[in-house]
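The values are calculated or read from the model by the stated rules, or taken from the named source; none is laboratory data. Nothing here was measured: the structure is a model prediction, and the numbers come from that model. Don't worry about glycine lacking a Cβ; one is built from the backbone with ideal geometry, like all the others, and counts go over all protein chains shown. Calculation scope for accessible area: heavy atoms of the full protein, side chains included, ligands and nucleic acids excluded. Shrake-Rupley method; radii C 1.70, N 1.55, O 1.52, S 1.80 Å.
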Amino acid sequence: MPRKPKGHRRSLRPQPLTFSRFARSVAQVASVQMVRSQTHKARTHRESFPNSTSNGFFNKSLIEKSNHSESSEDEGFDGVVQADFVFFDPKPDDFHGVKILLQTYLDDAQWDLSGFVDLILGQTIVGTIVKTEGDEDDSPFSVVTALSLGRYKDHKCIMELKEYLLKVCREKDVINDLRLLLGEQADDVGLLVSQRVVNLPPQLLPPMYDALFDEVSWATEDELTKELQDSFRFKFYLLVCKIYKQLKNVSRKKKLGSRSDEEMIYIKPEDEIFHQLSSWSFTFPMRAQRVETQELKNYHLTGLMMVVDAEKISTFQHQLQSLIDES
């Protein structure tokens, strides 16, 4: 596999990209068209998508970056927004933007978030920051990385993250597995962190994750010492994300033996794939709530922790690409 992927040109027809009812009611991303991609870190992507007034902050940012300054959160924009998305290595200048993306990573817990962001930005060999072309110093749209729980076990932020997960886990059948994972098995665990704005074009997801897992593989050979190389030989990936879960009083009204696909709404489409491939997982309540709409009135924002065997990552990549291709 080449270390420096060459740029290529690819066009896709505009397609609906609503993966769940959450996507329709919150993001309302109607279509995305990939015009081209070229080498920067991994790839550069030009995306075209209509503006949605339901999520003014994110779309307003994109509009401003595309010189549509006449648009606002209160005024709909019916044109097409053009944006070149570029993959960058993490750097200290991204601190404030990445911290904003991660500000609710552990719900409303008080923990060393600044130290966590410093770890992410200090690990340049593995990790990607997604921005728009020409705005290298502007706020990121996405961050994705994998941090070794063993390598960083003595950092305050990682110790507090472990404490948080042990505290919120209320499922007796997995608590011992969680203690083992965070303790004796920590050297084998990669914390997969992926946060982004709601309406980042989904076509960016496959190359974004491909770049991450390529970098993890390359780090096992390219890091300066054997100890650092071994720190990226993950056997497991731990993921912490958010979903919308149906309220219990609504679930009870369903017939016994029936399970609706609507019981869980995944905010990020790839989290459903990770969940299906996970060896074990647990959900936990969250105090912070995000979106209140008519469609989500029977749902509660819920935390989800998953453990995925590293050997299943190739399956994840294939299923994610298929999901995007078929959407």
Original post:
Which pairs have Cβ atoms under 7 Å, sit 6 or more apart or on different chains, and link a residue in segment 293-314 that is small (Gly, Ala, Ser) to one that is not in a strand (DSSP E or B)?
Top reply: 303/107; 303/168; 303/286; 310/234; 310/235
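May I ask you to say which residue of 128, 145, 132 is polar (S, T, N, Q), more than 23 Å from residue 310 (Cβ to Cβ) and in contact with a strand residue (DSSP E or B) (Cβ under 8 Å, 6 or more places away or on another chain)?
Working: 128 fails: more than 23 Å from residue 310 (Cβ to Cβ); 145 fails: more than 23 Å from residue 310 (Cβ to Cβ).
Going through 128, 145, 132 in turn, just one is polar (S, T, N, Q), more than 23 Å from residue 310 (Cβ to Cβ) and in contact with a strand residue (DSSP E or B) (Cβ under 8 Å, 6 or more places away or on another chain): 132.
Determine whether residue 250 is within 18 Å of the chain's Cα centre (by Cα) and either open to solvent by less than 10 Å² (accessible area, probe 1.4 Å) or modelled with pLDDT under 85 (or both).
no
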**OP:** Looking only at segment 188-235, count how many residues are in a loop (DSSP other than H, G, I, E, B) and either at pLDDT 95 or above or surrounded by fewer than 17 Cβ atoms within 10 Å (Cβ to Cβ) (or both).
**Re:** 8
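Within segment 38-51, identify whether any single residue is open to solvent by less than 40 Å² (accessible area, probe 1.4 Å), of a type in the set (A, V, I, L, M) and at pLDDT 70 or above, and answer yes or no.
no
Scan segment 316-327 for residues that are without any contact (Cβ under 8 Å) to a residue 24 or more places away in the chain and open to solvent by less than 60 Å² (accessible area, probe 1.4 Å) and report the count. Walk me through it before giving the result.
We begin by selecting, within segment 316-327, every residue without any contact (Cβ under 8 Å) to a residue 24 or more places away in the chain; these are 318, 322, 325-326.
Then drop every residue that is not open to solvent by less than 60 Å² (accessible area, probe 1.4 Å), which leaves 322.
Going through segment 316-327 one residue at a time, the tally reaches 1.
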Subject >> Among (1) within 19 Å of the chain's Cα centre (by Cα); (2) open to solvent by less than 40 Å² (accessible area, probe 1.4 Å), the one test that residue 296 misses >> reply: (1)
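Which members of segment 277-299 meet the condition of being modelled with pLDDT of 95 or more and either in a loop (DSSP other than H, G, I, E, B) or touching a helix residue (DSSP H, G or I) at 6+ places or on another chain (Cβ under 8 Å) (or both)?
Taking segment 277-299 first, the residues modelled with pLDDT of 95 or more are 277-284.
Correct list: 277, 278, 279, 280, 281, 282, 284.
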Original post:
Would you say residue 180 is surrounded by fewer than 19 Cβ atoms within 10 Å (Cβ to Cβ), without any contact (Cβ under 8 Å) to a residue 12 or more places away in the chain and part of a helix (DSSP H, G or I)?
Top reply: yes
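Condition (residue is among the basic types (Lys, Arg) and over 22 Å from residue 214 (Cβ atoms)) applied to segment 136-153: is it met by at least one residue?
Going through segment 136-153, the residues among the basic types (Lys, Arg) turn out to be 151, 153.
Next, only the ones that are over 22 Å from residue 214 (Cβ atoms) stay: 153.
Yes, the conditions are met somewhere in segment 136-153.
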**OP:** Starting from segment 109-121, keep only residues that are farther than 21 Å from residue 139 by Cα and among the small types (Gly, Ala, Ser), then list their pairs with residues that are buried (at least 17 other Cβ atoms within 10 Å of the Cβ) and modelled with pLDDT of 95 or more whose Cβ atoms are within a distance under 7 Å, requiring at least 6 positions of separation or different chains.
**Re:** 109/164
Original post:
For segment 304-315, does any single residue satisfy the condition of being at pLDDT 95 or above, loosely packed, with under 13 Cβ neighbours inside 10 Å and among the small types (Gly, Ala, Ser)?
Top reply: yes
